[in-house]
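Each remark here refers to the structure printed beneath this line.
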């Protein structure tokens with residue numbers, strides 16, 4: 001067993017144990033959000049066509065992942081920063097990216113049940129079939145990892161944890177209301193469409209739509225754009241956590 | 001030399017010189033104390049050794065290897081107890097100690113035995129299976145020590161390890177710190193507790209306002225105080241002194257304590273004066289004895305801790 005793998009497994013244990021008091025609660029909340037999302041849609045749209053339902057439900061993974069990656073994660077990392085967690089973890093003889101990998105693994109485990117439940121329940125509730133491609137695994141993993149790295153970048157990049165907290169509050173709003181996840185991109189004003197052509201949100205939703213349904217999306221472009229954001233998030237996180245005061 | 005620091009400068013926010021040209025050398029197998037009042041720059045110094053902070057200038061080498069450019073080497077070589085509490089809220093004490101032992105490269109059996117031994121000798125067995133979040137500050141700090149000591153590095157850096165710890169376990173802790181050195185580790189001990197340090201360290205450096213003000217054994221540092229005695233007065237609650245006789249040199253106050261140096265020739269004067277204060281009900285007790293490291297420290301730093309009254313509050317007649 002290589003040294004990095006050994007460290008990874010030990011840190012995975014450390015992180016799982018550390019989060020144990022909150023982990024079931026976090027998972028339960030994520031599952032409840034997923035269920036609420038599915039049922040709540042029928043209140044938004046009393047008359048919902050199969051295509052609309054398909055469109056909206058397959059946007060759910062993106063919403064759930066971004067809520068966790070860009071909102072919950074920076075808040076929890078911010079708390080950990082305040083408590084001096086990283087001063088301790090960074091003093092251990094382990095590569096810092098191995099710690100991040102172990103932590104990200106836990107986050108992916110938190111995200112997954114909600115994503116799966118939202119999709120399965122949504123399809124059953126609104127009575128449409130999913131057209132699942134094998135690419136769904138890399139696609140959702142890429143969305144999850146990008147969300148998590150962007151979250152780390154916010155959490156470690158903000159000068160103070162409180163500022164990270166504030167940024168997450170703004171992001172919730174932008175993701176929920178001003179993103180083409182809950183409605184088609186055509187309904188946005190032109191200037192916002194142009195901005196979304198560069199942001200990852202639309203493409204993240206495309207990744208799940210393209211791999212779970214027969215909806216017509218440019219999957220290649222979505223992989224490229226989200227991939228680029230993922231790499232950017234990784235590089236920023238890498239430099240931020242290696243930085244010395 | 002195992003650890004060598006040369007002319008280390010750390011400037012924060014362009015003008016706060018937290019470390020201002022610190023040089024020191026620590027030898028293999030010694031317990032080396034880093035003393036100084038709060039804000040002297042002690043934690044900033046160890047943070048640079050372990051690679052959490054970046055020096056503005058100067059060098060740090062461990063075993064001849066420049067750890068400013070190779071912080072990973074510092075983390076391999078040093079185990080570290082930070083001044084802040086360890087992040088073990090969701091872990092039990094024993095899980096935290098064992099996991100760090102494994103992370104530091106120990107094997108299962110070795111780690112389990114050593115953890116057990118530390119828990120037994122520091123008498124924290126009753127908390128071994130309790131979650132970190134439920135532990136008191138003192139027990140949590142002992143657990144943090146165990147995490148640094150379970151598979152100790154060649155250098156064990158302890159930043160204020162005795163804070164919040166009860167007197168009995170404090171003594172056990174000093175014993176464990178000494179055995180770390182006896183089994184081959186070098187201990188770099190950061191503290192502002194001068195009295196305890198005097199008994200525990202082989203050599204020490206006193207730093208104040210980012211500068212080294214004295215280095216040596218406790219005896220070396222006390223040498224300048226020869227021909228002097230130490231007079232300590234414990235005030236009755238509510239009593240305040242504004243003036244003291246001329247034969248009291250470098251008087252400082254710390255809460256209800258007044259500590260001063262007197263020339264051996266003035267012992268009779270000091271005794272008579274103290275006795276009369278006691279009779280007047282001004283003081284509870286007084287002690288006259290040989291100078292201690294604390295006196296040397298006071299001479300160099302000019303104060304004991306941040307709670308004392310400002311300089312000049314007490315004047316000589």
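For region B:56-76 and region A:1-17, what is the centre-to-centre distance using only Cα atoms, to the nearest Å?
26
Measure nothing but the geometry: give the 0 to 90° angle between the long axis through the Cα atoms of B:137-149 and the longest principal axis through the Cα atoms of chain B, rounded to 10°.
Approximately 60 degrees, to the nearest 10.
Let me have the 222 nm mean residue ellipticity of chain A computed from DSSP H runs of 4+ only, each contributing -39500 (n - 2.57), with the sum over all residues rounded to the nearest 500. Write down the numbers at each step before the final one.
Numbers: 12 runs with 183 residues, N = 245.
Result for chain A, helices only: -24500 deg cm²/dmol.
Using Cα centres only, tell me the gap between region B:83-110 and region B:216-245 in whole Å.
Each part reduced to its Cα centre gives a spacing of 43 Å.
Using Cα centres only, tell me the gap between region A:162-238 and region B:122-196 in whole Å.
Going from one Cα centre to the other spans 49 Å.
Between residue B:136 and residue B:257, what FRET efficiency comes out of the Förster formula 1/(1 + (r/R0)^6) with R0 = 22 Å and r the beta carbon distance, rounded to 0.05?
According to the calculation, E is roughly 0.20.
Which whole-number percentage describes the relative contact order of chain A, with Cα contacts under 8 Å and a sequence gap of 6 or more?
That works out to 30 percent.
Ranked highest first by average number of other Cβ atoms within 10 Å, how do A:23-33, A:184-194 line up?
A:23-33, A:184-194
Could you give the length gained by full extension between residue B:116 and residue B:278, i.e. 0.36 nm per residue of separation minus their alpha carbon distance, to one decimal place?
Answer, rounded to one decimal: 53.2 nm.
Would you mind computing, in nm to one decimal, how far apart the modelled labels at residue A:3 and residue B:12 are, each placed 7 Å from Cα along Cα→Cβ?
According to this spin-label approximation, the distance is 3.2 nm.
Please compute the average number of Cβ atoms from other chains found within 10 Å of each residue's Cβ in peptide B:83-90.
Mean inter-chain Cβ contacts per residue within 10 Å come to 6.
What is the list of residues in region B:75-91 whose amide nitrogen lies under 11 Å from a point 7 angstrom out from the Cα of residue B:65, following Cα to Cβ?
So the set is B:75-78.
What percent do you get for the relative contact order of chain B when only Cα pairs under 8 Å and 6+ apart count?
Contact order relative to length: 20 percent.
What angle do you read, to the nearest 10 degrees and between 0 and 90, between the alpha-carbon axis of helix A:23-44 and the longest principal axis of chain A?
20
Per DSSP H run of n ≥ 4, the term is -39500 (n - 2.57); total these for chain B, divide by its residue number, and report the mean residue ellipticity at 222 nm rounded to 500 deg cm²/dmol. Walk me through the numbers on the way to the answer.
Numbers: 10 runs with 103 residues, N = 317.
Result for chain B: -9500 deg cm²/dmol, rounded to the nearest 500.
How far is it, in nm, from the label point at residue B:265 to the one at residue B:108 when both lie 7 Å from their Cα along the line to the Cβ?
It works out to 7.4 nm between the two label points.
Please check which bits of region A:89-107 a label hung off residue A:240 would reach, taking the label as a point 7 Å along Cα-to-C-beta and the cut-off as backbone N under 11 Å.
The answer is none, because no backbone nitrogen lies closer than 11 Å to the label point.
Below 8 Å, C-alpha to C-alpha, sequence gap of six or more: please give me the relative contact order for region A:1-136 in percent.
51 percent.
Order of A:82-92, B:141-151, A:50-60 by packing, highest average Cβ count within 10 Å first?
B:141-151, A:50-60, A:82-92
If one takes the longest principal axis of the Cα atoms in chain B, at what angle in degrees, from 0 to 90 and to the nearest 10, does the Cα axis of helix B:267-279 lie?
90
Values in this text are rule-based calculations from the coordinates and carry no lab data. Model, not experiment: these values are computed from the prediction. For neighbour counting, all protein chains shown are included, and Cβ atoms are generated from backbone atoms with ideal geometry for every residue, glycine included.
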